[in-house]
Amino acid sequence: MIGTIVCVDDQAEVRRLLGEVFRARGRDVVTFDDGEDAIRWLQSNDADLVILDLDLGPTKKTGIEVCRALRAAMPEMPIIMLTGHGTIDDAVAAVKAGAVDFITKDPYLEDKLEISVEKVERILEHAKDRQRLERENQELRVANERLRKMTGRRWEIVGDSAMIRAVTTKIERVAPLPRPVLVLGPRGTGKELVARAIHMLSPRASEPFITINCAAVAESLLESELFGHEEGAFTGATKQKEGKFELADGGTLFLDEIGNMSLEFQAKILRVLEYQRFERVAGSESIQVNVRVIAATNADLKAAIAEGRFRADLYDRLAFEVIALPRLAQRMEDVPMLAAYFLAKFRHEVAGIAVREISAEALDRLCAYDFPGNIRELKNVVERAIYMAQGERLVAADIDGALPPEAFERGALQATPGFVDDATLPLPDRVDAFEAWLCQDALERTRFRQKEAAQLLGLTYDQFRQRFKKFGLGRDSVKDMQRES
């Protein structure tokens with residue numbers, strides 16, 4: 001909405017009329033009888049619109065000349081020209097000088113001005129939208145470039161906590177060495193990402209990186225998956241098949257969930273690690289490979305060794321370096337960086353995502369949850385919140401809507417962040433407090449656009465304006481209200 005209007009007219013009664021008309025509509029008005037005075041004032045003050053008389057007197061610059069000077073100094077400033085005796089030539093000259101409208105002074109001047117100002121407001125709103133889109137496009141280009149660099153370096157780990165820095169230090173130190181690595185950590189902590197990082201930082205980076213989840217393959221088929229088979233080795237084996245070890249020759253093989261293997265199969269893996277040789281199922285030829293193995297598990301292998309479920313010699317062979325990944329709850333200081341990364345990545349992958357930033361309150365909500373599913377669960381929550389969000393800014397309510405029900409069942413979070421229901425207050429006051437919170441929340445979701453906030457709540461603009469004035473809403477009002485309650 002237009003705020004300050006500068007009115008330039010040599011007639012005092014016209015300046016008074018313009019001031020009364022626009023002040024009655026909530027605008028600030030500054031008046032001048034000389035265009036050059038107005039230009040000097042505008043050089044050090046802000047305004048949203050200039051209304052300029054065509055004829056400012058015989059000894060002064062004409063409105064056309066003032067309009068040209070304003071347009072040269074302030075290209076974006078909208079200017080409406082007034083005249084007592086308008087002609088087509090005057091209108092053409094005004095438009096050429098940069099005026100957005102040309103109005104003749106007559107008994108309907110007030111109505112004409114209101115219509116013209118509304119038109120200017122629409123022009124300004126479109127200009128703001130264009131600027132916003134240009135800014136968003138620039139931000140998206142920057143984010144895309146950052147993501148391009150990140151995805152080009154697949155080894156990059158997001159986070160700056162002491163724990164994650166210790167992990168990246170180990171990765172960089174062990175990556176060049178042609179030895180096995182054991183990656184330990186709960187589900188969703190990024191074990192495969194660590195394995196890829198080791199591979200990408202190693203001399204094998206240009207060679208294959210092959211993965212297999214040992215827990216997802218029945219052991220009767222696991223030998224064929226890893227070592228391959230000959231034609232006719234078993235029912236359905238209609239042709240020779242290369243296994244993961246052959247496919248990874250020269251590169252890296254990532255064995256995920258290695259703790260699920262039987263002791264008998266563990267012995268076969270140990271043999272390949274020691275000699276880099278194996279035979280396909282039903283094959284007699286010994287195949288030589290050069291494969292670096294990185295194994296991972298969320299199991300407690302030391303306990304499994306003590307219970308006789310995992311071979312100590314296989315553990316020793318794999319554990320040239322052990323990289324233990326922390327739970328996300330142990331590195332919550334990384335949550336804001338991770339959430340921003342997932343937002344940028346989601347915007348890069350999905351067209352039309354409106355959310356551009358995450359509010360501090362939303363980050364607080366994320367940091368209040370312990371994420372038993374770790375980084376994988378954080379990614380899913382952030383993406384769901386972005387998908388369900390109404391505005392350009394992710395707010396606390398969006399996070400609450402994306403969190404699993406158990407987050408609230410455990411009492412770890414409140415379902416209505418920011419609203420404090422004081423049971424000692426009379427019921428009408430409690431209802432007013434909640435209604436005020438809902439209106440403020442709608443304002444924050446729509447970046448304080450009142451018409452959009454009204455639509456979000458299913459109210460007319462007038463109904464929302466009544467509540468806006470009643471509760472004294474604004475950018476800081478609810479914080480003050482909650483402190484008072």
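Points to keep in mind about this one:
- Only one of the listed residues (169, 151) is at pLDDT 70 or above and not in a strand (DSSP E or B). That residue is 169.
- Applying the set (1) within 23 Å of residue 213 (Cβ to Cβ); (2) aliphatic (A, V, I, L, M); (3) touching a Phe, Trp or Tyr at 6+ places or on another chain (Cβ under 6 Å) to residue 319 leaves exactly one unmet item: (3).
- Within the range 58-89, the residues that satisfy the criterion of being assigned to a helix (DSSP H, G or I), of a type outside the set (A, V, I, L, M) and in contact with a helix residue (DSSP H, G or I) (Cβ under 8 Å, 6 or more places away or on another chain) are 63, 65, 67, 68, 71.
- Pairs, first free of Cβ contacts under 8 Å to residues at least 40 places away in the same chain and of a type outside the set (Gly, Ala, Ser) in the range 298-309, second surrounded by 11 or more Cβ atoms within 10 Å (Cβ to Cβ) and part of a helix (DSSP H, G or I), C-beta under 7 Å, six or more apart: 305/312; 305/315
- Inter-residue pairs, beta-carbon under 7 Å, first part of a loop (DSSP other than H, G, I, E, B) and in the range 97-119, second modelled with pLDDT under 80 and surrounded by fewer than 19 Cβ atoms within 10 Å (Cβ to Cβ), 6+ apart: 100/123; 105/84
- Within the range 345-360, considering residues that are over 14 Å from residue 396 (Cβ atoms) and of a type in the set (Val, Ile, Thr), the one surrounded by the most Cβ atoms within 10 Å (Cβ to Cβ): 353
- Counting only helices (runs of 4 or more DSSP H) that sit wholly inside the range 285-384, those with at least 2 residues that are among the charged types (D, E, K, R) are 312-318, 335-349, 360-367.
- Selection within the range 235-284 - of a type in the set (Asp, Glu), assigned to a loop (DSSP other than H, G, I, E, B) and more than 44 Å from the chain's Cα centre (by Cα): 279
- Residues that are in contact with a strand residue (DSSP E or B) (Cβ under 7 Å, 6 or more places away or on another chain) and under 22 Å from residue 187 (Cβ atoms), drawn from the range 253-311: 253, 254, 255, 256, 257, 258, 259, 293, 294, 295, 296, 297
- Within the range 202-236, considering residues that are of a type in the set (A, V, I, L, M) and surrounded by 17 or more Cβ atoms within 10 Å (Cβ to Cβ), the one nearest to residue 168 (Cα to Cα): 210
- Residue list for the range 385-395, restricted to those being part of a helix (DSSP H, G or I) and surrounded by fewer than 16 Cβ atoms within 10 Å (Cβ to Cβ): 387, 388
- When 319, 340 are checked against the criterion of being at pLDDT below 95 and surrounded by fewer than 18 Cβ atoms within 10 Å (Cβ to Cβ), a single residue qualifies: 340.
The values are calculated or read from the model by the stated rules, or taken from the named source; none is laboratory data. Remember, predicted model here, so these are calculated numbers, not experimental data. For neighbour counting, all protein chains shown are included, and Cβ atoms are generated from backbone atoms with ideal geometry for every residue, glycine included.
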